[in-house]
Amino acid sequence: MERTILHVDMDAFFTSVEQRDRPELRGQPVVVGAPADQRGVVAAASYEARQFGIHSAMPSREAYQRCPQAVFLPPDGKRYMAASRQIRAIFDRFTPHVEPLSIDEAFLDVSGVEHLFGRGEAIARQIKDTIRSETELTASAGVAPNKFLAKLASDMEKPDGLTVVPRSPEAIAAFLAPLSISRIWGVGKVTRRPLEAAGIHTIGQLQACNEVRLASILTPRSARHLLRLAWGEDDREVETEHEEKSISHEHTFTHDCSDYDEIRAVLADLADNVGRRLRASSKQAGLARLKLRWEGFKTITRQRPLMPAVCDNFSLRAAADQLLENEPLIKPVRLVGFGVSTLTSGPPDQLSLFEDDRTLLDRNERLSHVIDAIQRDFGRAGIHRGSSRQNMAPPEQEHLRRPAQ
Amino acid sequence: MKIEIPKSALLEALQAVQNVVSIRTTLPILSNVLIQAEKGRICLTTTDLDVSIQCRVDAKVLKGGATTLPARRLSSIVRELPSADIEIEVDDKDTAQVHCGSSFYKIMGLSEEEFPPISKAEGKFCYTLDQGAFREMLRKTAYAASTDETRFVLNGVFLSFKDNKLVMVATDGRRLALVEHEVEFPAEAEVDLILPSKVAAELVHTLGDNGELRIFTKDNRVMFEFGEVVISSKLIEGTYPNYRQVIPAQCEERVAVERETLLSALKRVSLVTTEKATAAHLTFGKNQLVVSMTAPDVGEARETIPIKYTGKELHVAFNPEYMIDPLKNLNNDEIYVELTDDLSPGVIKCDIPFLYVLMPMRVS
């Protein structure tokens, strides 16, 4: 069956929400992210700010140098989340096959709903109009026979764009040919460099390349993958049920940190945060991962299996601690991160010989759940470890509300 | 120091001691082997501060003394040298000149004074066993030890000298292996110790088929003396869990199975293992055992083994690795599998003082 996939991407989402809610910011360069005088990066830049060359992931200090008159705002996750939910609800009116990619973009499989809402282009237009009238925000959409092309298309006429990719293979090839290879999903610096060295800059040049030659430049596997994309072939499904595959948290130090105890304390907080999310999604983790970024950006990761799979803070902290302990701190640390993967649901399959092991794990798991419940009702300040760094920050007022009766 | 020694003798001694040398170490001296020349023999020593190995070998000592040389490099050089006598002369700056046939090397060493002190093989009591017997005991248990560093007391093999017996146990909390061997020692010499897995592996590698092994223990260290070799190690401190409580007193069913047949069946079905599907299903029916495995994304595998069995039909799932480990380390033709139900521990026995307990996997 012929598929029709939409990719809908909100335009400068965070800053658009800010400009919508604060009319005085409209028409002004707005940056959401870390403050201009501190370490950290830009999360989003308004189109006015982008004219100064500011883009997301750029250090805020650099953004400030490029445009000192820009308004720097801290991210307000709650309002963005609310807008995101509103938009998601609009998608759901058109099709149940929605795959959210992030807070501000999603794939929609509208194959088969054409008889209700019209062709792909008409559906995209209705979605865009509905978003504008109900949220006062603009979105760009791509309409195509598959996910790869739809995502590429939504980015072509931003902001407030609508691009329809033709259906015939010849027209698709012609549509892709003039584009840079960096537009292909998964082609980053590492893949691009050898390709460009071989004189391949556009997707058209890639199409002209035979698989054997490409395999000698890259690997046989990525050659095949890349060629298929170059011809606009992609049969991935729109995955409605997005199962979480990993959970991680990171912390960037305001100043590079050489204090082992402080790194350890921050890591413990990160492990607690990971544990909370793990339990919220009723999962157990089978693998723990530590990430350290040294001063000067070199990053290492170290991992170890968790046997049996766990979800309590105590086991996660012990794993994090052990990974850190095994890693000599050769340089000041810029960033520390902790994550888990190999997530499974339900109790572990492998039974334990020693009754005590299971009892201890059960007890730690129950205790972690109780901590979650207290923090849910009374905020993070409601209960925390004495060694927690979160302890150092003044408690936020809104966290001190009483539980709903 | 100046010595002369046949290549083969030096190589053998270096190979006996070099495993403990750390490749990545912050202390350069730990990459070196200590060479001490005494009357008519040399003594080679390596250490990683936890474990040390010493090996003595006959040599012509032209001038006594001691030095330390990079162990792995020296070993690779000696391996490539022609089969002839090697002459090593060390000056007072610890630079060694190595002559062998037409080959010549000059190797920078470090002073023996930098080498950490090695504790002597001594202790109040001595436990004497046959080298081969002790090695077999380790081989039948050590694989079951835990590698999870958060459970450090399980990162080794438990040795209990009691009632004129040595009981050796290893467990990772999911399966447990136990062997026993008769040893004579005075009642006041009864002792429990936890031997790090690293040393167990080193002993399996170095112990001979026969000959006497003498074990000493003192101040939380243990020393193994056999032939010309002495291995000394720190012990793991802590209380070993009460392993007796997890050994089922009695199981409901007992089945004799050919070891090799079951081993190869398990190896074959486990070829369809995936990250999500790790359980091998064992179904004991009338005179046959079916070993099977199903992985949703891969497919399935099934093996049927004839057995003598007329008991109730039993279905149980195990991690196949946990069954393969003991089976491949035993030599018996026939083993006994004892089971009660799908959630109770299973037991593997054979006609030697060996016992293996493993917990099943819960499958829906």
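Rounded to the nearest 20 debye, the dipole size of region B:2-114 about its Cα centre is 240 debye, using +1 on the Cβ of Lys and Arg and -1 on the Cβ of Asp and Glu. With no solvent and one equal point scatterer per Cα, compute the Debye intensity ratio I(q)/I(0) for the protein assembly as shown at 0.07 Å⁻¹ and report its log10, rounded to two decimals. The Debye formula, applied to the Cα set alone, gives -0.78.
Arrange the residues B:LYS60, B:LYS120 by how much accessible surface each exposes, largest first, with a 1.4 angstrom probe.
Details: B:LYS60 115, B:LYS120 150 Å².
Solvent-accessible surface, decreasing: B:LYS120, B:LYS60.
Measuring nothing but alpha carbons in region B:305-354 and taking Rh as the Kirkwood radius, the Rg to Rh ratio lands at 0.95.
Against the main long axis of the alpha-carbon atoms of chain A, helix A:120-135 sits at an angle near 50°.
Reported value for region B:248-358: 94 Å³ per residue, from the convex hull of its C-alpha atoms.
When the charge dipole of chain A is built from unit charges on Cβ atoms (+1 for Lys and Arg, -1 for Asp and Glu) and taken about the Cα centre, the candidate among A:LEU353, A:MET307, A:ALA43 whose Cα reaches farthest toward its positive end is A:ALA43. Between the alpha-carbon centres of region B:307-335 and region A:126-168 there is a gap of 60 Å. Once the C-beta distance of A:SER102 and B:GLU190 is scaled by a Förster radius of 60 Å, the resulting FRET efficiency is 0.40 to the nearest 0.05.
Based on a Kirkwood Rh over C-alpha pairs, give the Stokes-Einstein translational diffusion coefficient of region A:226-267 at 4 °C and viscosity 1.567 mPa s in µm²/s. Present the calculation step by step, with values, prior to reporting the outcome.
Working: Rh = 15.1 Å.
D = 86 µm²/s.
Note on surface exposure: A:TRP231, A:TRP185, A:TRP294 rank A:TRP231, A:TRP185, A:TRP294 by accessible area, highest first, 1.4 Å probe. Convex hull of alpha carbon positions in region A:247-391: directionally averaged projected area 8.8 nm².
GNM on chain B, alpha-carbon springs under 10 angstrom: the most fluctuating residue among B:LYS276, B:LYS218, B:LYS234 is B:LYS276.
With both labels modelled 7 Å from their Cα along Cα-to-Cβ, the A:GLU136 to B:GLU122 distance reads 8.8 nm.
Contact-buried residues of region B:265-282, at a threshold of 30 Å² lost accessible area versus the chain by itself: B:GLU275 (1.4 Å probe; DNA, RNA and ligands ignored). Most tightly packed first, judged by the mean number of other beta-carbon atoms within 10 Å of their residues, the peptides B:137-144, B:181-188, B:34-41 read B:137-144, B:34-41, B:181-188.
With 27 Å as the limit, the listed pairs B:LYS120/B:LYS198; A:LYS189/B:LYS276; B:LYS234/B:LYS349; A:LYS147/A:LYS189; B:LYS60/B:LYS106 have A:LYS189/B:LYS276; B:LYS234/B:LYS349 beyond it between alpha carbons.
Just the number: Rg to Rh for region B:2-114, Cα atoms, Kirkwood Rh, two decimals. Over the Cα atoms of region B:2-114, Rg/Rh equals 0.93. For a quick check, take a GNM of chain A with Cα springs below 10 Å and name the residue from A:VAL187, A:VAL310, A:VAL41 with the largest mean-square fluctuation. Judging by the Gaussian network model, the answer is A:VAL187. Compute the FRET efficiency between A:ARG366 and A:SER388 as 1/(1 + (r/R0)^6), taking r as their Cβ-Cβ distance and R0 = 22 Å, and round to the nearest 0.05. Result of the calculation: an efficiency of 0.60. Using a probe of 1.4 Å, the accessible surface attributed to A:PHE354 totals some 10 Å² when neighbouring protein chains are kept in position. Comparing B:SER264, B:SER232, B:SER103 in a Gaussian network model of chain B, where Cα atoms under 10 Å apart are tied by springs, the biggest mean-square fluctuation is seen for B:SER103.
Given a 1.4 Å probe, how much area per residue of the protein assembly as shown is accessible, in Å²?
Details: 38040 Å² over 769 residues.
Per-residue value: 49 Å².
Mind checking the alpha-carbon convex hull of region B:126-244 and giving the volume per residue in Å³? The partial results should precede the final answer.
Working: hull volume 11.5 nm³, N = 119.
Convex hull volume per residue, Cα atoms: 97 Å³.
Angle between the Cα long axis of helix B:131-141 and the longest principal axis of chain B, 0 to 90 degrees, nearest 10? Result, in degrees: 50.
Chains A and B together bury roughly 1700 Å² of accessible area, counting both sides, with a 1.4 Å probe on protein heavy atoms only.
Ranked by solvent-accessible area (1.4 Å probe, protein heavy atoms only, all chains present), the residues B:ASP192, B:ASP219 order from largest to smallest as B:ASP219, B:ASP192. The phi-based Karplus calculation (6.51 cos²θ - 1.76 cosθ + 1.60; θ = phi - 60°) puts the 3J(HN,Hα) values of region B:10-16 at 5, 4, 4, 5, 5, 5, 5 Hz, whole numbers, x for Gly and Pro.
The residues of region A:316-340 listed by number as losing at least 40 Å² of accessible area in the complex, against the isolated chain and with a 1.4 Å probe, are A:GLN322.
The separation of region A:4-37 from region B:1-22, counted between C-alpha centres, amounts to 71 Å. In this label model, A:ASP261 and A:GLU170 are separated by 7.5 nm, measuring between points 7 Å along each Cα→Cβ vector.
Taking 0.36 nm per residue of separation and subtracting the current Cα-Cα distance, fully stretching the chain between A:GLN28 and A:LYS158 would add 45.0 nm. Rolling a 1.4 Å probe over the protein heavy atoms leaves A:ILE383 with an accessible area of roughly 60 Å².
Which GluC sites (Glu not before Pro) does region B:256-364 hold that lie in a coil by DSSP with at most 13 other beta carbons within 10 Å? Present the calculation step by step, with values, prior to reporting the outcome.
On the way: sites: B:GLU258, B:GLU260, B:GLU275, B:GLU300, B:GLU303, B:GLU313, B:GLU321, B:GLU334, B:GLU338; in loops: B:GLU275, B:GLU313.
Passing sites in region B:256-364 are B:GLU275, B:GLU313.
Cα centroids of region B:281-305 and region B:181-232: 42 Å apart. What share of Cα pairs, in percent, lie more than 40 angstrom apart in chain A? Beyond 40 Å sits 28 percent of the P(r) for chain A.
Once R0 is set to 56 Å, what does the formula 1/(1 + (r/R0)^6) return for the Cβ-Cβ distance between A:GLN69 and B:ASN19, expressed as a FRET efficiency to the nearest 0.05? Show your work: numbers first, answer last.
On the way: r = 67 Å, r/R0 = 1.19.
According to the calculation, E is roughly 0.25.
The residues of region B:164-207 listed by number as losing at least 30 Å² of accessible area in the complex, against the isolated chain and with a 1.4 Å probe, are B:GLY173, B:ARG174. Derived scalar couplings between HN and Hα for region B:26-32 equal 8, 9, x, 4, 6, 7, 9 Hz in order, rounded to whole Hz, by the Karplus curve 6.51 cos²θ - 1.76 cosθ + 1.60 (θ = phi - 60°), x for Gly and Pro. Counting charges near A:GLY161 (Lys, Arg +1; Asp, Glu -1) among other residues having Cβ under 11 Å from its Cβ returns a value of -3.
Of B:LYS93/B:LYS124; A:LYS78/A:LYS128; B:LYS308/B:LYS328, which ones are farther than 29 Å apart at the Cα? Could the numbers behind the result be given before it?
On the way: B:LYS93/B:LYS124 40 Å; A:LYS78/A:LYS128 23 Å; B:LYS308/B:LYS328 22 Å.
Cα-Cα > 29 Å for B:LYS93/B:LYS124; rest within.
With contributions of -39500 (n - 2.57) from each DSSP H run of at least four residues, the per-residue ellipticity at 222 nm computed over the protein assembly as shown stands at -9000 deg cm²/dmol. All distinct Cα pairs of chain B go into the 1/r average, and the inverse of that average, the Kirkwood radius, is 23.1 Å.
Projected label points at A:SER111 and B:LYS308, each 7 Å from Cα along the beta carbon direction, are separated by 6.1 nanometres.
The values are calculated or read from the model by the stated rules, or taken from the named source; none is laboratory data. These figures come from a predicted structure and were not determined experimentally. Note: ideal-geometry Cβ built from the backbone for every residue, glycine included; neighbour counts use all protein chains shown. The protein model used for the area step is the full one, side chains on, heavy atoms only, and it has no ligands, DNA or RNA in it. Shrake-Rupley method; radii C 1.70, N 1.55, O 1.52, S 1.80 Å.
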